[in-house]
Amino acid sequence: MTSRLLAALFTLVATLMPGALAAPGLPSSALASQAIKAALAPSPLMAAARTNSAASTRAQGVSRAANSSAPRSTGRSVTVHSTAYNSTPGQTDSTPFITATGTRVRLGVVALSRDLLGRFPYGTRITIEDLSGTYSSFLRGRVFVVEDTMHPRIGNTVDVWMGSRSEAMAWGSRNIRITAVQ
C-alpha cells in the first residue's frame with residue numbers, strides 16, 4: 001500500500017508541477033487528499049480475489065472432508081487456546097447451523113483456527129483434555145470431530161460448539177490439549 005501511495009503522489013507531483021521534483025513544493029492539500037484517497041481505495045479486483053480465495057479454501061476443505069483417504073495426524077497432540085461458540089449469527093456467519101464442511105452443528109463438533117487445519121484437517125477425530133481440570137468429567141471419553149473453521153485472524157485456537165449461549169459462556173476461555181485419534 002505504501003509504495004502505491006508514493007507512486008500516486010510522485011505521478012501527481014510530476015504531472016502537475018514538472019519542476020517540483022527538483023525544487024521544494026507540494027500540490028495543494030485538496031489534490032494531495034484526492035491522490036491519497038485514490039491510492040488507498042480498495043480495488044474491486046482485490047476484493048474479488050479475497051472472496052474467491054475464501055470460497056476456494058472452503059471448497060478444498062469440504063472436498064478433503066469428503067475424501068476418506070485424507071491424511072490424519074493420529075496420535076499427534078498439541079496444546080492450544082480454547083473458546084466455545086453456539087449457533088448465533090453474531091458468533092458465526094450467515095448460516096449459523098451449517099459448518100464449513102456443510103454438515104449441521106451438533107454436540108461434538110469443533111472449529112479449528114486455520115493454522116491448525118494443516119495438522120488436523122476436516123474430519124479428524126480428536127479428544128480434548130482440559131488443562132485446568134474443570135471440565136474433565138464432561139470431556140472424558142468424548143470424541144470430537146473437526147468440521148468447522150474460525151475467522152482467519154484467530155490462530156492456535158479450538159472453538160467447541162455448545163448448544164446454548166450460557167453453556168458457551170460457562171466454558172469461557174481456557175488452555176486445552178487436543179489429540180488426534182483413529
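Residues in region 140-161 that are surrounded by fewer than 19 Cβ atoms within 10 Å (Cβ to Cβ) and under 15 Å from residue 106 (Cα atoms): 142, 143, 145. Taking the conditions (1) in contact with a Lys or Arg (Cβ under 7 Å, 6 or more places away or on another chain); (2) free of Cβ contacts under 8 Å to residues at least 40 places away in the same chain; (3) aliphatic (A, V, I, L, M) in turn, residue 131 satisfies each one other than (2). Inside region 105-125, can you point out the residues that are aromatic (Phe, Trp, Tyr) and touching a helix residue (DSSP H, G or I) at 6+ places or on another chain (Cβ under 6 Å)? Hit for region 105-125 is 122, nothing else.
On the stretch given as region 98-136, residues that are farther than 22 Å from residue 173 by Cα and of a type outside the set (D, E, K, R) total 10. Restricting attention to region 99-117, the residues that are farther than 17 Å from residue 176 by Cβ and either surrounded by fewer than 16 Cβ atoms within 10 Å (Cβ to Cβ) or in contact with a Pro (Cβ under 7 Å, 6 or more places away or on another chain) (or both) add up to 4.
Any read-out appearing in this document is the output of simple, stated calculations on the displayed coordinates, not a laboratory observation. Note that the structure is predicted; figures quoted are calculated from it, not measured. Glycine gets a Cβ as well: all are built from the backbone with ideal geometry, and neighbour counts include every protein chain shown.
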